[in-house]
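Q: Quick one: the structure is below, questions incoming.
The values are calculated or read from the model by the stated rules, or taken from the named source; none is laboratory data. The model shown is predicted, which means the values in this text are computed figures rather than measured ones. When we count neighbours, we look across all protein chains shown, and the Cβ atoms used for this are built from the backbone with ideal geometry, even at glycine. The protein model used for the area step is the full one, side chains on, heavy atoms only, and it has no ligands, DNA or RNA in it. Shrake-Rupley method; radii C 1.70, N 1.55, O 1.52, S 1.80 Å.
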Amino acid sequence: MSLMDSPQDRAFRAQVRSFCATHVPAELRDRVRSGLRPTPAQFRQWQDILFRQGWGAPSWPQQYGGAGWTPVQLHIFEQESAAADAPPQFHQGLELIGPILFTYGTQAQKDHYLPRILSGEDWWCQGYSEPQAGSDLAALRTRAVREGDHYRVNGQKLWTSYAHEADMMFCLVRTGDEARRQDGISLLLVDMKTPGITVRPFATLDEQTHVTEVFLDDVRVPVTQLVGEEGKGWGYGKVLLDRERALTATLGVRLKRQLEYVSQRAARTRDGACALIENREFRQRLAQLEIEITAIEYMGLRALADAVAGADSGPRGSMLKIRWSE
């Protein structure tokens, strides 16, 4: 029996397929099919639809309001939602800060933020990268100085996706000057309505505006918004690694669907007397892409098999993410 061929998995696939056939809004389906990124309002709309179904956080444990799906169920859900031209869920709250909160957050933080992430009421952005701290994140300079029951935060964040739409930002800040740069970094939850925050969106090559730079000038953040222990923020990001091994297994699914769009469009597009799909050079390029995407898909299935077996995939998850991005 194959990895996704048990009676339970077939029943689950049928359930997801039926749900997507009736619940993906036509306007959202058309936008995804056209290759455009959903708007923030559409991301929220899809999150609300899934939340009402009980699928607001497919990968979260049930004790925190998640669906508690297995890695195989997560893969099936991605396959079927992609085939139905449904968008991916916006991941900043669900897959970046959510798991850190239910692992390291205080009970008050869990009680307040987790339900709002599930419902889509709160939109989160990630305050990590800076002008001098991109891939070398340990070089970050944004500083938080404790003053009584607040931190005073000063600095700049860059490439912050959708900060102009966000309600909250999870922000890495420097609270100490230890010799090892990874030490002395803390994780704060920052309300984007706090005085002193300036957000400047800028356009990218896709002619959309979804990345920003964020300036923090004497921003006061309550100490209760510290996640875990002060100076331990660098380590909290590691909680995502095991989860990502399962999630990266789905990356090839949407690439495959996008390639299907290209083939369908090429069959309807004229190239002189013939359809573009009949052009030899075009077909060769299409075939090469299909080969590369199939390789990514099978690499993902190997990662999925590791997740099911409880095995460590090692660097495979990172390799898959890099190849998918390329």
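Q: When we measure straight from the Cα of Lys256, which lysines land under 21 angstrom away, once same-chain ones fewer than 8 places off are left out?
A: Lys321
Q: Continuing with this model, one more query. Under the definition of Cα pairs under 8 Å and six or more residues apart, what whole-number percent is the relative contact order of the chain? Mind showing how you got there, number by number?
A: On the way: 522 pairs, mean separation 46.4, N = 326.
Relative contact order here is 14 percent.
Q: Pick out, from Ala57, Ile277, Gln89, the residue whose Cα sits farthest towards the positive end of the charge dipole of the chain, with +1 on the Cβ of Lys and Arg and -1 on the Cβ of Asp and Glu.
A: Working it through, the farthest residue towards the positive pole turns out to be Ile277.
Q: Once every DSSP H run of n ≥ 4 in the chain is given -39500 (n - 2.57) and the sum is divided by its residues, what mean residue ellipticity at 222 nm do you get, rounded to the nearest 500 deg cm²/dmol? It would help to have the intermediate numbers written out before the result.
A: Numbers: 11 runs with 143 residues, N = 326.
About -14000 deg cm²/dmol.
Q: Go through the range 124-129 residue by residue and turn each phi into a ³J(HN,Hα) via Karplus (6.51, -1.76, 1.60, θ = phi - 60°); whole Hz please, and just put x for glycine and proline.
A: Rounded to whole hertz, the list is 10, 10, 10, x, 10, 5.
Q: Now for a separate question. With contacts defined as alpha carbon pairs under 8 Å and 6 or more residues apart, what's the relative contact order of the range 1-140 in percent?
A: Numbers: 133 pairs, mean separation 33.3, N = 140.
About 24 percent, as a whole number.
Q: Give me the distance in nm between label points sitting 7 Å out from Cα along the Cα-to-Cβ direction at Thr204 and Arg29, one decimal.
A: Modelled inter-label distance: 2.8 nm.
Q: Need the C-alpha centroid separation for the range 77-139 versus the range 250-326, integer Å.
A: Each part's Cα centre sits 26 Å from the other's.
Q: What's the extension gain from Asp149 to Gln62 if we count 0.36 nm per residue and subtract their Cα-Cα distance? Intermediate values should be presented prior to the final figure.
A: Values: separation 87, 0.36 × 87 = 31.32 nm, distance 3.38 nm.
Here the segment from Asp149 to Gln62 would lengthen by 27.9 nm.
Q: Please list, or write none, the lysines whose alpha carbon is within less than 22 Å of the alpha carbon of Lys232, excluding same-chain residues fewer than 8 places away.
A: Lys110, Lys157
Q: Multiplying the sequence separation of Arg283 and Ala309 by 0.36 nm and subtracting their Cα-Cα distance, what value in nm do you get?
A: Values: separation 26, 0.36 × 26 = 9.36 nm, distance 3.86 nm.
Here the answer is 5.5 nm.
Q: So, with a 1.4 angstrom probe, what is the percent of accessible area on the range 30-133 that is carbon and sulfur?
A: Details: 1940 of 4030 Å².
Whole-percent figure for carbon plus sulfur exposure: 48.
Q: While we're looking at this one, here's another question. For the chain, take every pair of Cα atoms, bin their distances at 20 Å starting from 0, and report each bin as a whole percent.
A: 27, 56, 16, 1
Q: Leaving out ligands and nucleic acids, and using a 1.4 Å probe, what accessible area per residue does the range 135-223 come to in Å²? Please list the in-between numbers first.
A: Working: 4330 Å² over 89 residues.
In whole numbers, the range 135-223 has 49 Å² accessible per residue.
Q: Accessible area per residue of the range 9-110 at 1.4 Å probe, in Å²? Don't jump to the answer; show the numbers that get you there.
A: Numbers: 4340 Å² over 102 residues.
In whole numbers, the range 9-110 has 43 Å² accessible per residue.
Q: With axes computed from alpha carbons, what is the tilt in degrees of helix 71-83 against the longest principal axis of the chain, rounded to the nearest 10 within 0 to 90?
A: Here the helix axis deviates by roughly 60 degrees.
Q: Quick one: which residues, 5+ away or cross-chain, put their amide H under 5 Å from the amide H of Ser129? H built at 1.01 Å from N.
A: When sequence neighbours closer than 5 places are left aside, the close amide H contacts are Leu158.
Q: May I pose another question? At a threshold of 8 angstrom on Cα-Cα distance, excluding pairs fewer than six apart, so keeping six or more, what relative contact order does the range 72-208 reach in percent?
A: Details: 165 pairs, mean separation 24.1, N = 137.
After rounding, I find 18 percent.
Q: Please turn the phi angles of the range 135-147 into ³J(HN,Hα) values with the Karplus equation 6.51 cos²θ - 1.76 cosθ + 1.60 (θ = phi - 60°), one per residue in order, whole Hz, x for glycine and proline.
A: Running phi through 6.51 cos²θ - 1.76 cosθ + 1.60 with θ = phi - 60° gives 5, 9, 5, 5, 8, 4, 10, 4, 10, 10, 10, 6, 9 Hz.
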